[in-house]
Amino acid sequence: MGKIKCPLLAVDIIIRCDREMEKIVLIKRRNFPFGWALPGGFVEYGESVENTAIREAKEETNLDIEIVRLLGVYSDPHRDPRGHCVSIVFIANSSGKPVGGDDAKESKLFSIFSLPEEMAFDHRNIINDYIKEYIYLK
């Protein structure tokens with residue numbers, strides 16, 4: 001019997017700075033796939049998804065975050081061109097100015113209603129889901 005191949009587990013984080021719900025942090029990716037993306041990354045063995053979100057936010061934006069809640073789970077097998085991965089997406093609050101680091105060439109705030117053209121993965125769809133939640137919360 002062959003080895004069972006399972007999807008990788010990742011996290012993505014919608015980071016709101018200073019509790020401003022209309023502005024979120026995006027990173028410009030240094031590695032393939034290129035484009036703007038939500039901060040995030042793969043869960044390391046022995047690490048919780050929550051701790052992964054906190055670690056990745058710090059590594060890619062230099063921000064300390066407070067996780068507010070889970071937005072959802074995204075599992076489309078084609079969401080990542082590097083291979084099948086499942087992403088747990090959190091909404092988090094932070095304060096300060098994001099600074100790119102690690103896999104992020106750049107990190108900055110964007111209005112959820114004025115996103116950059118070149119988005120990586122399925123992150124535009126994830127942000128659209130967040131917008132639906134934001135409008136509902138208003």
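Throughout, read-outs are computed from the coordinates displayed, never taken from laboratory work. Since the model is a prediction, treat every value here as computed from it, not as a measurement. Heads up, the Cβs are rebuilt from the backbone with ideal geometry, glycines too, and the neighbour counts pull from every protein chain shown.
Apply the Karplus curve 6.51 cos²θ - 1.76 cosθ + 1.60, θ = phi - 60°, to the phi angles in region 44-55 and return the couplings in whole Hz, x for Gly and Pro.
Per residue, the Karplus-derived 3J(HN,Hα) values read 7, 4, x, 10, 6, 5, 5, 5, 4, 4, 5, 5 Hz.
Show me, for region 116-124, the HN-Hα J-couplings you get by feeding each phi into the Karplus relation (A = 6.51, B = -1.76, C = 1.60, θ = phi - 60°), rounded to Hz, glycine and proline as x.
x, 5, 8, 10, 8, 6, 9, 5, 5
Roughly what % of DSSP beta bridges within the chain run antiparallel, to the nearest 5?
65
When all alpha-carbon pairs of the chain are counted, what percent fall beyond 25 Å?
Considering the chain, 19 percent of its Cα-Cα pairs are separated by more than 25 Å.
Under a straight-distance cross-link criterion of Cα-Cα below 13 Å, which aspartates and glutamates are reachable from Lys23, leaving out those fewer than 8 residues away in the same chain?
Excluding near neighbours in sequence, the set is empty.
So what is the 222 nm mean residue ellipticity for the chain from helices alone, if each DSSP H run of at least 4 adds -39500 (n - 2.57) and you divide by all residues, rounding to the nearest 500 deg cm²/dmol?
-6500 deg cm²/dmol
Distance in nm between label sites at Asn51 and Arg30, each 7 Å beyond Cα in the beta-carbon direction?
Between Asn51 and Arg30, the label points sit 2.4 nm apart.
Please list, in order, the residues from region 57-94 whose amide nitrogen is less than 17 Å from a point placed 7 Å along the Cα→Cβ vector of Lys5.
76-86
Residue by residue through region 93-108, what is 3J(HN,Hα) from phi via Karplus (6.51 cos²θ - 1.76 cosθ + 1.60, θ = phi - 60°)? Round to whole Hz and write x for glycine and proline.
Taking θ as phi minus 60°, the curve returns 10, 7, 9, x, 10, x, 10, x, x, 6, 7, 9, 5, 8, 8, 7 Hz for region 93-108.
Out of residues 5 or more away from Leu71 or on other chains, whose amide H comes under 5 Å of its own, with H placed 1.01 Å from N in the peptide plane?
Amide H neighbours of Leu71, under 5 Å, 5+ apart: Val89, Phe90, Ile91.
Given Lys5/Lys105; Lys97/Lys132; Lys5/Lys58; Lys28/Lys132; Lys58/Lys132; Lys58/Lys97, which pairs have Cα atoms separated by over 21 Å?
The answer is Lys5/Lys105; Lys97/Lys132; Lys5/Lys58; Lys28/Lys132; Lys58/Lys132.
Sort Ile54, Ile131, Ile13, Ile65 so that the residue with the fewest other Cβ atoms within 10 Å of its own Cβ comes first and the one with the most comes last.
Details: Ile54 20, Ile131 15, Ile13 28, Ile65 23.
By the 10 Å Cβ count, ascending: Ile131, Ile54, Ile65, Ile13.
Counting only residues 5 or more places away or on other chains, whose amide H sits under 5 Å from the amide H of Ser107 once H atoms are built in the peptide plane?
Residues meeting the criterion, in which the H sits 1.01 Å from N, are Lys28, Gly100.
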